[in-house]
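Below is one structure, written out as structure tokens; comments come after it.
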Amino acid sequence: MIPVPPAIQRIPWKLIAILAGITGFGLLVLYSAAGGNWSPWALQQGVRFVVFLSVALIIGRFPIRIFEDFAYIGYIGVLVLLVAVELLGFVGGGSQRWLNLGFMNLQPSELMKVAIVLALARFYAQLPPGNTRTWTALWPALVLIGLPAALVMLQPDLGTALAICAGGVIVMFVGGLPFWWFGSAAAAGAAALPVLFSMLHDYQQKRVLIFLDPESDPLGAGYHISQSKIAIGSGGIGGKGFLNGSQSHLDYLPEGHTDFIFATMAEEWGLIGGLALLLGFFLLLRWSTRVALKARTRFGQLTATGLTMTIFFYIAINLAMVMGLAPVVGIPLPLFSYGGSSMLTIMTCVGIVLAIENDSKKQSSRLS
């Protein structure tokens, strides 16, 4: 038997298979959503996947010390990009969220989901354990989270701002802050809901009200979610068949290739397709969770946990949104929805978690 070269053995084939399975399924859905055409979405998405997968594998070979050393610099860099969006960004879909780089439109707020986790992980990794219950463990984290969240809210982009806050809060929780702090914050937030609601833009307020009563405006603000439910429900157990979806092909379902791509898929592939996709996401999250549990450093544990929850937040909010269980907030489905910035963010998360896994394996081999 011909021995397998060590370089080939080090390639994470199982992880690649999971990522390729999810993305490949998404390419079929994009192909169908375009009416049986590889352009303009599926082909470009496939090229992005190959490029970003290569980037993730390269990132996975980095020592995790690099991510810890440059965590604050990366955070500041993305924060500068968010300011640049306010000054130089272009408007698309009524929001000013992107910077035109020529070869792609970059959404810096997506990168902040990774940067905030790295910055807070470094902060709590260097914080003495005895200080986790003091004010010095709280106010720097609130500043680190509050600055980008405020800039993203100006774009306006409520969903991404919530994702940034969620990633940061998870790192704070795992970092060892007292549980009653989070309970108190949740209670204060619940009490302040009327004030917070009044601060939202008109269209955001409509989304919340439609979530509470979807049938109140089925042809207006509630159109997206109503058509999404129709598409998902009409798919049944086995779906209508590949290329046979009516809601997406007849343009009843808005954003059927981005935020509402799960509804496009469910109409054609049914419950079976939905369960297959959820299995793929489960395997991805199980892998990253195991890496977090086995990480040998505190920074690695905090980072892997924060990035795992960032990916989970994408999945949970998008699925809840398209099924009417959460307001429409514009969160894409990881590796499935069409878009470069979201795929870059997810593959960066995967690459960093892979670097943490490789670090743990090296340490185990030294001890054996």
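Would you kindly state how much longer the chain becomes between residue 229 and residue 37 on full extension, computed as 0.36 nm times their sequence separation minus their alpha carbon distance, in nm to one decimal?
Extending this stretch completely gives an extra 66.6 nm.
Excluding residue 62 itself, what net charge comes from residues whose Cβ is under 13 Å from its Cβ, given Lys and Arg +1 and Asp and Glu -1?
Here the count lands on -1.
Taking the alpha-carbon distance from residue 14 and a cut-off under 29 Å, which lysines remain once sequence neighbours fewer than 8 residues away in the same chain are dropped?
Hits, sequence-local ones excluded: 113, 294, 361, 362.
Per DSSP helix of 4 or more residues, -39500 (n - 2.57); summed, then divided by the residues of the chain. What does that give at 222 nm, rounded to the nearest 500?
-22500 deg cm²/dmol
May I ask you to derive the relative contact order of the chain, considering only C-alpha pairs under 8 Å and at least 6 residues apart, and to give it as an integer percent?
After rounding, I find 25 percent.
If you compute log10 I(q)/I(0) by the Debye sum over Cα atoms at q = 0.08, 0.12 Å⁻¹ for the structure shown, which of (i) -0.44, -0.86; (ii) -0.50, -1.00; (iii) -0.42, -0.96 do you land on?
For log10 I(q)/I(0) by the Debye sum over Cα atoms at q = 0.08, 0.12 Å⁻¹, the calculated option is (iii).
Using a 10 Å cut-off on Cβ atoms, rank the peptides 112-118, 49-55 from the highest mean neighbour count down.
Answer by packing, highest mean first, reads 112-118, 49-55.
Using a 1.4 Å probe on the protein chains only, how many percent of the accessible area of the chain belongs to carbon and sulfur?
70 percent
R0 = 35 Å: FRET efficiency of residue 325 with residue 134, Cβ-based, nearest 0.05?
Step by step, r from the Cβ atoms, then E = 0.35.
Pick out which of 85, 152, 208 has the largest mean-square fluctuation in a Gaussian network model of the chain, springs linking Cα atoms closer than 10 Å.
In this elastic network of the chain, the residue with the biggest mean-square fluctuation among 85, 152, 208 is 208.
Ignoring ligands, DNA and RNA, what accessible area per residue does segment 12-360 give at 1.4 Å, in Å²?
44 Å²
Once amide H atoms are built 1.01 Å from N in the peptide plane, which residues 5 or more positions from residue 98, or in another chain, come under 5 Å H to H?
90
Net charge around residue 240, counting only other residues with Cβ within less than 9 Å of its Cβ (Lys, Arg = +1; Asp, Glu = -1)?
Taking every Cβ under 9 Å from that of residue 240, the sum is -2.
Between the alpha-carbon centers of segment 321-348 and segment 129-197, tell me the distance in whole angstrom.
Cα centres, segment 321-348 to segment 129-197: 22 Å.
Mind checking which of 149, 266, 188 has the largest fluctuation in a GNM of the chain, springs on alpha carbons under 10 Å?
Between 149, 266, 188, it is 188 that shows the largest mean-square fluctuation.
What is the extension gain from residue 361 to residue 190, computed as 0.36 nm multiplied by their sequence separation minus the C-alpha to C-alpha distance, in nm to one decimal?
Stretched out fully, the residue 361 to residue 190 stretch lengthens by 57.2 nm.
The values are calculated or read from the model by the stated rules, or taken from the named source; none is laboratory data. Computed from a predicted structure; not experimentally measured. Glycine gets a Cβ as well: all are built from the backbone with ideal geometry, and neighbour counts include every protein chain shown. These accessible areas exclude ligands, DNA and RNA; they are computed on the full protein's heavy atoms, side chains included. Shrake-Rupley method; radii C 1.70, N 1.55, O 1.52, S 1.80 Å.
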